[in-house]
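Just below is one structure, and these are the notes that go with it.
Read the figures in this text as sums done on the coordinates, not as results from a lab. For clarity, every value in this text was computed on a predicted model and none was experimentally measured. In this analysis, Cβ positions are derived from the backbone assuming ideal geometry, glycine residues included, and neighbour counts consider all displayed protein chains.
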Amino acid sequence: MSLFSSIRMAGNALLANEIALQVVGQNIANASTPGYIREEVILSPSFAQRQGGLILGTGVQIDAVVQKIDKFLDERLRASVSTRANTEALQQTFAQLEGILGELSDTDLSTAMDKFFNSIADILNQPEDASVRNLAVLQGQVLAQDIQQITQRVETLRSDLNDRVQGMAWDINRLIEEIRELNQQIAEAEGGGVSLSDAVGLRDQRSQALESLAELIGIRSVEQSDGTVSVFLGGEYLVTGVMSRSVDVVLNSNKGLAAAEIHLADTDNLLQCTSGELRGLLDSRDEVLGGFLDQFDDFARSLIFEFNKIYASGQGLKGYSELTSTYHVDDATAALNAAGLQFTPQNGSFQVLVRNMTTGLTKTTNITVDLNGLGRDTTLEDLRNQLSQIDGLTAEITLTGELKIRSLSQDMEISFAHDTSGVLAALGLNTFFTGTSSHDIGVNAAVAKNANLFAASAEGLGTDTLTAQALTQFLDLPLSTKNNQTLAVIYDHIVSDVSQGSAVAKATADGAYVFEETLRGQKMSISGVNLDEEAINMLAYQRAYQASAKYITALSELFNILVRI
């Protein structure tokens with residue numbers, strides 16, 4: 001090897017250590033930069049050459065500048081980010097739902113129910129006091145309002161989650177396009193896989209974009225030989241090379257909400273994500289909140305119908321001069337249990353009491369409700385005809401399908417008793433609660449206007465408090481339509497489901513967070529910048545640079561000696 005070759009070898013050593021020092025400086029400069037992946041210089045001995053009988057090395061060469069990264073660990077981390085985002089969304093929803101219910105506070109629904117039924121119990125002690133009945137009506141209105149407010153707040157929360165789903169489509173499209181553009185830039189910078197070096201800055205950005213996308217939807221990414229990544233979701237690709245696919249929002253009706261779904265724009269296929277924030281939001285909106293509303297509506301329907309079935313057989317301190325059913329039928333000629341009523345009556349009967357306020361005499365008429373499925377079943381027209389045959393009464397069916405009953409004299413009062421068919425509650429005659437669900441539950445306007453109509457008696461106007469006694473025990477009454485569960489138990493199940501769901505969601509979210517942090521720690525140990533380690537590398541490369549410079553100095557002196565000879 002000649003002196004010229006030795007000088008060239010020393011120059012390569014200087015260049016190699018200079019570049020290595022530059023990479024060290026890059027690492028130190030980005031030690032606190034989020035998402036930065038530590039860079040590393042790959043040095044190797046350069047080719048050897050034969051000189052006489054010897055094979056001599058020609059120094060050092062730089063093969064590449066690469067990122068220090070475990071790609072398998074990186075993919076696991078992205079999966080854990082998706083899981084954590086999913087569970088966090090569920091946990092937050094359960095926590096907000098618990099806050100809406102507010103159980104164990106002074107303003108929870110349990111307290112409102114207790115106050116309402118306690119106010120009915122007060123009637124037993126002062127049955128003639130209209131103010132006591134008025135308090136019961138007011139407490140019933142408070143209970144109905146509380147039920148409605150819970151539903152409205154849950155609906156608002158559900159709508160907010162739906163808005164977040166809609167907004168997520170824009171974020172997904174933005175990240176997909178960002179990854180596609182970075183793919184193109186990386187492929188160009190790395191020469192389509194020809195270069196052994198990584199386009200480190202661009203790869204850092206892409207890694208951040210992939211993690212952000214994984215937080216939204218549970219993606220799977222595969223790096224190709226040309227440096228680009230392909231991004232998959234389920235069996236569909238979102239990005240492959242320099243091509244990408246966008247997503248759109250599709251609205252579908254779901255329990256009264258224009259529910260947003262995210263579809264692939266070109267195929268209109270539903271985006272099949274099994275993790276990520278989007279999955280958590282969809283499950284929160286449809287399963288957690290949607291499921292709660294179904295349960296709560298069922299609870300409210302049971303309260304309305306089952307309470308009214310007892311209440312409708314009672315009488316107040318005074319009767320009605322006229323009343324119109326709250327609920328309508330779709331077909332007045334169809335059997336009452338198949339006429340389109342919101343609540344279903346059964347085979348049985350009820351009594352109509354017509355009291356002459358002048359004489360104090362009461363005439364009782366038994367009305368048959370034949371719904372046994374044998375022969376002709378009772379229709380609303382049949383019911384109207386039976387009622388119209390009672391002296392002093394007239395009955396008609398309105399154009400909208402309601403039954404209207406009216407006394408023919410101002411001296412006549414109408415009341416009802418002993419309904420075994422539930423038809424009064426199903427039609428909404430002489431009832432306390434109105435509505436069909438937690439959305440529209442309310443108190444009968446006639447009773448709210450005149451508390452003397454509150455039905456506490458069972459054997460005549462103002463004669464006893466037997467109906468009020470039955471109503472005070474309503475919360476603990478086994479309901480045959482609910483597998484003999486009581487209303488109190490039904491509501492406890494709702495609260496328990498929310499509490500247990502919240503506890504499970506929190507534990508799952510905490511576990512997902514810990515697992516993610518564990519993987520992130522492992523990644524930092526590989527890809528993070530350790531300033532102490534970089535300081536050692538800097539010192540080593542500095543010494544090597546100094547030694548190379550001294551080597552060049554020695555070669556230069558030898559060259560001068562050779563020239564002078």
Output row, site Ala446, 7 Å Cα→C-beta label point, backbone N cut-off 19 Å, window the range 306-337, residues 306-329
Rounded to 0.05, the calculated FRET efficiency for the beta carbons of Glu557 and Gln184 at R₀ = 41 Å is 0.20
For Asn30, the net charge from surrounding residues (Cβ-Cβ under 10 Å; K, R +1; D, E -1) works out to -1
Between (1) 27.1; (2) 24.1; (3) 30.5, the structure-derived Kirkwood radius over Cα pairs in Å is (3)
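Hey, any idea what Rg/Rh is for the range 306-408, computing Rh the Kirkwood way over Cα pairs? Mind dumping the intermediate values first?
Details: Rg = 14.0 Å, Rh = 14.6 Å.
Rg divided by Rh gives 0.96.
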For the pair Ala338 and Gln546, the simple spin-label estimate (label points 7 Å beyond Cα toward Cβ) gives in nm 10.2 nm
Computed, not fitted: 222 nm per-residue ellipticity of the chain from DSSP H runs ≥ 4 (each -39500 (n - 2.57)), nearest 500, equal to -17500 deg cm²/dmol
Phi angles of the range 18-34, converted by Karplus (6.51 cos²θ - 1.76 cosθ + 1.60, θ = phi - 60°) into ³J(HN,Hα) in whole Hz with x for Gly and Pro, give 5, 5, 4, 5, 5, 5, 4, x, 4, 5, 5, 5, 10, 4, 10, 7, x
A chain fully extended from Gln272 to Asp464 at 0.36 nm per residue, minus the present Cα-Cα distance, gains in nm 62.8 nm
Here the range 92-106 yields Karplus 3J(HN,Hα) values (6.51, -1.76, 1.60; θ = phi - 60°; whole Hz; Gly and Pro given as x) of 4, 5, 4, 4, 5, 5, 4, x, 5, 5, x, 4, 6, 9, 7
Out of Ala10, Asn450, Phe292 - ranked by how far each Cα lies towards the positive end of the dipole of the chain, with unit charges on the beta-carbon of charged residues - the top one is Ala10
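Once R0 is set to 25 Å, what does the formula 1/(1 + (r/R0)^6) return for the Cβ-Cβ distance between Asp492 and Phe515, expressed as a FRET efficiency to the nearest 0.05? Each step should come with its number before you reach the end.
On the way: r = 34 Å, r/R0 = 1.37.
So the FRET efficiency works out to roughly 0.15.
State to the nearest 20 debye the size of the charge dipole of the chain about its Cα centre, where the only charges are +1 on K and R beta carbons and -1 on D and E beta carbons.
1400 debye
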Ranked from fewest to most other Cβ atoms within 10 Å of their own Cβ, Ile120, Ile552, Ile526 fall in the order Ile526, Ile552, Ile120
Ordered by fewest other Cβ atoms within 10 Å, a rough proxy for footprinting exposure, Asp411, Asp377 read Asp411, Asp377
Given pairs Lys309/Lys482; Lys115/Lys255; Lys71/Lys506 and cut-off 21 Å on Cα-Cα distance, the over-length ones are Lys115/Lys255; Lys71/Lys506
Net charge (Lys, Arg +1; Asp, Glu -1) of residues whose beta-carbon lies under 12 Å from that of Val142, Val142 excluded, is -1
Any residue on another chain or 5+ positions along whose placed amide H is under 5 Å from the amide H of Thr240 is listed here as Val231
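Asn372 to Leu138: extension gain in nm, 0.36 nm per residue of separation minus the Cα-Cα distance? Mind showing how you got there, number by number?
Details: separation 234, 0.36 × 234 = 84.24 nm, distance 3.88 nm.
Here the answer is 80.4 nm.
Compute, for the range 130-261, the length of the dipole vector about the Cα centre, with Cβ point charges of +1 (Lys, Arg) and -1 (Asp, Glu) only. Units Debye, rounded to 20.
Values: 11 positive and 19 negative charges, 174 e Å.
Rounded to the nearest 20 debye, it is 840 debye.
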Going fewest to most other Cβ atoms within 10 Å around each Cβ, Arg133, Arg220, Arg245, Arg543 line up as Arg543, Arg220, Arg245, Arg133
In the chain, taking the dipole from +1 charges on Lys and Arg beta carbons and -1 charges on Asp and Glu beta carbons about the Cα centre, the listed residue (Thr58, Thr107, Leu427) farthest towards the positive end is Thr58
Nearest-0.05 FRET efficiency for Glu98 and Leu15 at R0 = 51 Å, using Cβ-Cβ distance, is 0.20
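Just need the relative contact order of the chain here, percent rounded to a whole number, with Cα pairs under 8 Å and 6+ apart. Write out the running numbers ahead of the final one.
Values: 987 pairs, mean separation 115.8, N = 565.
After rounding, I find 20 percent.
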